Amino acid sequence: MNKRVGLVLVFVGFALGVSAPMAGAKVAIMKSDGNRQVDTFTRGKCWVRGKKDNRSFVLQARSDQNKFSLSAYIDAPVFKGFGEYYIAYYGGEDPQIFLRRRSDDALFGNLKLPGTPPNTVGAGAIAFRKQGLRVGIGLYGATNRAGTEGYSFAGPINCKYARR
């Protein structure tokens, strides 16, 4: 396992384990060129679609200062449910994690790195509590398509699901 992915998993797992069930959730967004915090996420909307072994997961969130939006997708059959963690690879299809800068609509995420085969370099992870109300998410290098600019983010986010 890639050392950086391991560190992200440890951080996300620690954040999920020590935080109170609903209080204190915060995903910090850091600018990669100076490690300065630029915004945070504390809550998002989540959906689970499908039945039994054919379910998928979607997370959508806006940052607290409205500078960024966050999207995460895990499709079937990769999504096995809550209480699990899912490793995100650069250029991988599941999970896909995107950070969109709202000022210029620039997209960052676990996009394919130029010159690197997909699914070979770990980018981060998504981890769930048993009921899925808190989701740990992180990428240590959310890059743009050219690989010239990036952000990193990690931490737990509270998920709100539609009532049935």
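The values are calculated or read from the model by the stated rules, or taken from the named source; none is laboratory data. Predicted, not measured: the structure shown is a model, and the values here were computed from it. Cβ sites come from the backbone with ideal geometry, for glycine too, and all protein chains shown count toward neighbours. Protein only, heavy atoms only, side chains kept; ligands, DNA and RNA dropped before computing areas. Shrake-Rupley method; radii C 1.70, N 1.55, O 1.52, S 1.80 Å.
Tell me the per residue accessible area of region 36-81 using a 1.4 Å probe; a whole number in Å² is fine.
In whole numbers, region 36-81 has 59 Å² accessible per residue.
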For region 65-126, max minus min Cα coordinate along each principal axis, in Å, sorted largest first? 35, 32, 16
Give the aspartates and glutamates whose C-alpha is closer than 17 Å to that of residue 52, dropping any in the same chain fewer than 8 places away, or say none. 75, 84
Would you calculate the separation in nanometres between label points at residue 146 and residue 103, each defined as 7 Å from the Cα along the Cα-to-beta-carbon direction? 1.7 nm
Would you mind checking which residues have amide H under 5 Å from residue 92's amide H? H placed 1.01 Å from N; only 5 or more apart, or other chain. 119
What are the residues whose amide H is under 5 Å from the amide H of residue 102, where those residues sit 5 or more places off or on another chain and H is modelled from the backbone? 68, 69
Which log10 I(q)/I(0) values, to two decimals, does region 40-93 give at q = 0.14, 0.17, 0.31 Å⁻¹ under the Debye formula with one point per Cα? -0.44, -0.62, -1.19
Charge-dipole axis of region 17-164 as Lys and Arg at +1 and Asp and Glu at -1 on Cβ define it, positive-most pick from 153, 113, 24: 24
Of the listed pairs 67/130; 45/130; 45/80; 80/160; 67/160; 26/67, those with alpha carbons more than 25 Å apart are 67/130
Compactness check, region 32-164: C-alpha Rg relative to the 2.2 N^0.38 Å globular estimate gives 1.02
Could you work out the percent of alpha carbon pairs in region 87-164 separated by over 17 Å, rounded to a whole number? 48 percent
Here region 35-43 yields Karplus 3J(HN,Hα) values (6.51, -1.76, 1.60; θ = phi - 60°; whole Hz; Gly and Pro given as x) of 6, 9, 6, 10, 5, 9, 10, 10, 8
